[in-house]
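Asker: Can you read through this structure? Questions will come right after.
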Amino acid sequence: MELLFDNQNTIQAKVPAFFPTDDNKDEERHAATIRDLIGWITRSLLKERPELFVGDNGSVRSGILVLVNGADWELEGELEYELQDRDEIVFISTLHGG
Amino acid sequence: MELLFDNQNTIQAKVPAFFPTDDNKDEERHAATIRDLIGWITRSLLKERPELFVGDNGSVRSGILVLVNGADWELEGELEYELQDRDEIVFISTLHGG
Amino acid sequence: RLEKVAKLTNPEIARYGRQLILPGFGIHGQMCLRNCSMLVVGAGGLGSSCALYLGGSGIGRLGIVDHDTVDISNLHRQVIHNEARQGLSKAQSAAVSVRLLNPHCQVVVHDLVLDSSNAQPIIDAYDIVIDATDNVATRYLLNDACVLSKKPLVSGSALRLDGQLTIYNYGGGPCYRCLFPTPPPSETVTNCSDGGVLGVVPGIVGCLQALEAIKIATGMNAQDPPTMTLFSANSSTMFRTIKLRKRKADCIVCGDSPTITKLIDYVRFCGSSATDK
Amino acid sequence: RLEKVAKLTNPEIARYGRQLILPGFGIHGQMCLRNCSMLVVGAGGLGSSCALYLGGSGIGRLGIVDHDTVDISNLHRQVIHNEARQGLSKAQSAAVSVRLLNPHCQVVVHDLVLDSSNAQPIIDAYDIVIDATDNVATRYLLNDACVLSKKPLVSGSALRLDGQLTIYNYGGGPCYRCLFPTPPPSETVTNCSDGGVLGVVPGIVGCLQALEAIKIATGMNAQDPPTMTLFSANSSTMFRTIKLRKRKADCIVCGDSPTITKLIDYVRFCGSSATDK
Ligand SMILES: [Zn+2]
Ligand SMILES: [Zn+2]
């Protein structure tokens, strides 16, 4: 995973608090969700080969587990979780070696 | 250490926010410090053999390390640290087995 | 299946004395181990420390699965083998070491590649399964076989300087498919041969797998919520415990209406083979 | 002292291949290990896993100190020994196992009780010291000898279901006396023979000690702040890392004006002997 992000394993980022809705009217914005964060990371931080990070449906690819403040994102609403100030979002790539 | 405290390893306690000063005048009180906490624990929670927890000088005995919110209490002022709301104070008994 | 005994022999009492006097473990814990059989799948980096400590601990029967043979380049991390056993079956070599350490432990050698044709009866014969393998296909195979056979699965993995540890299919927690319904793209999967590994890293994870298996056998962790432990040798905080989801009602193997009711072709499912190295 | 080499032999390159290709370790890390000597004090529960993984890792020389002999009641946790070595010196037995695993590692046996009369020259001959002992007197002895000899000390301990891990006298962090200026009252000290221990617990701590020694040898942790790692097998969050104080300027051995400038009588200081069991 670090290989995708210039070997950095921790990145502190200021993420926009609101994203436009799909129809892109400026006055209709929604609070930033993890779905937005994944899109934003792909556009802003990823140097190459986005398919190693994102999947087809705007989520992360298979084999990546997302943590919201130290807990499995499934407990927090997965893609629709609304980011709070100072949230720590971690992307874990599963290991298979032994 | 658990043996001293009825085998409980985590105790949530409401501790008085202020303690009387040494000359015991009611109107002169100071914010609770770890020194006060150690005295309060000895009086309120310890079932027996306080010498296995406290030392001579109102501090813990040799071989106990005190943690304030996950850090060595020496970084926080040791005995004079003033307790804050929801502080987590942990007493670690050093192990010597191998 | 392992025959249960009602008490320990005197030699067993002498051997396990330090566990028998252990508060919160004692004779009850030791009897739970004595009447428990465990299967360690993989006698490599994870399986080395795991099988040694389980073999020493007093479990009644230990099965060891591996189809590979001992190579010199394994020995920096696979400390259950040694230089003289080069070329010998890893399952055999691991069994020799465990028997030398503790002749009271019944060791069963499974010198084979586990696949959907042979896995189910082997897994059915043990109480707890330890995933100490090194490839995605066998991880899904073990998961499904453990779900079908209602066995807890103690899963460990290690690569480079990192490790992961989870108990699947236990106490209302998730199975591997609840967390990872589809296998990762094969270009994102790295094994220790290609990615490298610091030898002691799988040693640490394998020890933790042995511990988790002992906690299951003795019920010590029966009340714990499902977690994953992340290990990172190169971080100043080396361990991190994360809270996991519960079993998913819509999981295709452990959910309320499973569509997987027998083992499938895992090599095809994962697009990679169990013997790719 | 260990003679330094400028490059690895071909058999070493083949053996350590998985560490040589490891990003952030590689040939530099392996050469650091090859030119490093380490002393493991204690070939018991902690020393078993620690010596095996250090021996396998590729360090140039490994010293092993122990005066005790192998007993059946050790084997549930001391997996470097085995049943047939009952009665043999633990230092000898551990050395045999390491040599079988890795003949490239020079193993030195110190079959003796370390005390203030003999400790200093032994410790002077090694680069990194691992405290895998089981008593307070030897812990203070090792601390003072390492401070006087300017050697980092990787300290581990285990009892019942718990363990502790700290690096002392390294990178501006504290020594053992900075944290614990006076020894604990002897009635508060419990060893594994009296208190019991789950076998895999010292196994885990010993592996972590090997890892920390490897990190020191290769400089991987040179920027890390001083910490203590607490392990609790029976907690759902098994590991906790706590931040420690720096070296104390008024420490009587590592401070600015030390009053301890040579080894003292540690048995008298602690009120307990190194061979109490
Ligand atoms: Zn499932
Ligand atoms: Zn000091």
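The values are calculated or read from the model by the stated rules, or taken from the named source; none is laboratory data. Nothing here was measured: the structure is a model prediction, and the numbers come from that model. Methodologically, a virtual Cβ is constructed for each residue, glycine included, from the backbone with ideal geometry; neighbour enumeration extends over all protein chains shown. When the accessible area is computed, the model is the full protein with side chains, heavy atoms only, and any ligands, DNA or RNA have been set aside. Shrake-Rupley method; radii C 1.70, N 1.55, O 1.52, S 1.80 Å.
Asker: Amide H neighbours of D:Thr227 under 5 Å, counting only residues 5+ apart in sequence or on other chains, H built in-plane at 1.01 Å?
Answerer: It is D:Ile167, D:Leu244, by chain and number.
Asker: On to the next question. Obtain the nm distance between the two label points defined at C:Ile27 and D:Lys246 by a simple spin-label model: each point lies 7 Å from its Cα along the Cα-to-C-beta direction.
Answerer: Roughly 5.6 nm, to one decimal.
Asker: One decimal, nm, shortest first: give the distances between the label point of A:Phe18 and those of the same position in the other copies, each label point 7 Å from Cα along Cα→Cβ.
Answerer: For A:Phe18, the inter-copy label distances come out at 4.6 nm.
Asker: Something else now. Report the accessible surface area buried between chains C and D, summing both sides, using a 1.4 Å probe on protein heavy atoms only, in Å² rounded to the nearest 100.
Answerer: 5300
Asker: Leaving ligands, DNA and RNA out of it, work out the accessible area of D:Ile21 with a 1.4 Å probe and give it in Å² to the nearest 10.
Answerer: Approximately 80 Å² of D:Ile21 is accessible to the 1.4 Å probe.
Asker: Only protein chains counted, 1.4 angstrom probe. Which residues of the range B:78-98 are at least 40 Å² less accessible in the assembly than when their chain is isolated?
Answerer: Buried on complex formation: B:Ile92, B:Thr94, B:Leu95, B:His96, B:Gly97, B:Gly98.
Asker: Over what distance in Å are the Cα centres of the range C:49-125 and the range D:14-80 separated?
Answerer: Result: 21 Å between the Cα centres.
Asker: Springs between alpha-carbon atoms under 10 Å, Gaussian network over chain D: tell me which of D:Ala119, D:Ala222, D:Ala51 tops the mean-square fluctuations.
Answerer: Result for chain D, Cα springs under 10 Å: D:Ala222 fluctuates most.
Asker: While we're looking at this one, here's another question. How big is the shadow of the Cα convex hull of chain C, averaged over all directions, in nm²?
Answerer: 14.5
Asker: Post the alpha-carbon centroid distance, the range D:204-245 to the range C:126-151, in whole angstrom.
Answerer: 30
Asker: Other chains' Cβ within 10 Å of C:69-75 residues: what's the mean?
Answerer: Going residue by residue through C:69-75 and averaging, the value is 4.
Asker: Sticking with this one: To the nearest 0.05, what FRET efficiency results for D:Asn10 and D:Phe269 with a Förster distance of 51 Å applied to their C-beta separation?
Answerer: Calculated transfer efficiency: 0.50.
Asker: Which whole-number value in Å² is the accessible area per residue of the protein assembly as shown, probe 1.4 Å?
Answerer: Per residue, the protein assembly as shown has an accessible area of 40 Å².
Asker: How many Cβ atoms of partner chains, on average, are near each residue of D:34-45 if near means within 10 Å of its Cβ?
Answerer: 1
Asker: Closest approach to the B-A rotation axis by any Cβ of B: residue and distance in angstrom?
Answerer: That would be B:Gly70, 7.
Asker: Another question about this same structure. So how compact is the protein assembly as shown: Cα radius of gyration and Dmax in angstrom?
Answerer: In Å, with Rg to one decimal and Dmax whole: 26.3, 82.
Asker: Once you place label points 7 Å from the Cα toward the Cβ at C:Asp124 and A:Glu51, how far apart are they in nm?
Answerer: With each label point 7 Å from Cα toward Cβ, the separation is 4.2 nm.
Asker: I've got another one for you. Mind listing the label-point distances from C:Ala14 to the same position on all other copies, shortest first, one decimal in nm, points 7 Å along Cα→Cβ?
Answerer: 4.4
Asker: With chain C rotated onto chain D, spot the residue of C whose Cβ lies nearest the axis and note the distance in whole Å.
Answerer: C:Phe239, 2
Asker: Per residue of C:160-166, how many C-beta atoms from partner chains lie within 10 Å of its own C-beta, taken as a mean?
Answerer: 5
Asker: Tell me, what ³J(HN,Hα) does each residue in the range D:255-271 have, in order and in whole Hz, if you take phi through Karplus 6.51 cos²θ - 1.76 cosθ + 1.60 with θ = phi - 60° and put x for Gly and Pro?
Answerer: The phi angles translate into x, 6, 10, x, 9, 9, 10, 8, 5, 10, 8, 6, 5, 5, 4, 8, x Hz.
Asker: Using a label point 7 angstrom from Cα along Cα-to-C-beta, what distances in nm, from shortest up, separate D:Pro103 from the other copies?
Answerer: Its label point is 2.9 nm from the equivalent points in the other copies.
Asker: A further question follows. Once both labels are modelled 7 Å past Cα along the beta-carbon direction, what's the A:Gln12-B:Ala71 spacing in nm?
Answerer: 1.5
Asker: Next up: Calculated from DSSP H runs of 4 or more alone, at -39500 (n - 2.57) each and per residue, what is the 222 nm mean residue ellipticity of chain D, nearest 500?
Answerer: Taking each H run of at least 4 residues, the total per residue is -9500 deg cm²/dmol.
Asker: Accessible surface of D:Leu2 in the full protein assembly, 1.4 angstrom probe, to the nearest 10 Å²?
Answerer: The accessible area comes out at roughly 30 Å².
Asker: By per-residue mean of other Cβ atoms within 10 Å, what is the highest-first order of C:160-173, C:178-191?
Answerer: Sorting C:160-173, C:178-191 by mean packing, highest first, produces C:160-173, C:178-191.
Asker: Next question, about the same structure. Could you rank A:Trp73, A:Trp40 by how accessible they are, 1.4 Å probe, largest area first?
Answerer: A:Trp40, A:Trp73
Asker: Next question, about the same structure. For the pairing of chain A with chain C, what total accessible surface becomes buried, with a 1.4 angstrom probe, in square angstrom to the nearest 100?
Answerer: Separately minus together, A and C give about 2300 Å² buried.
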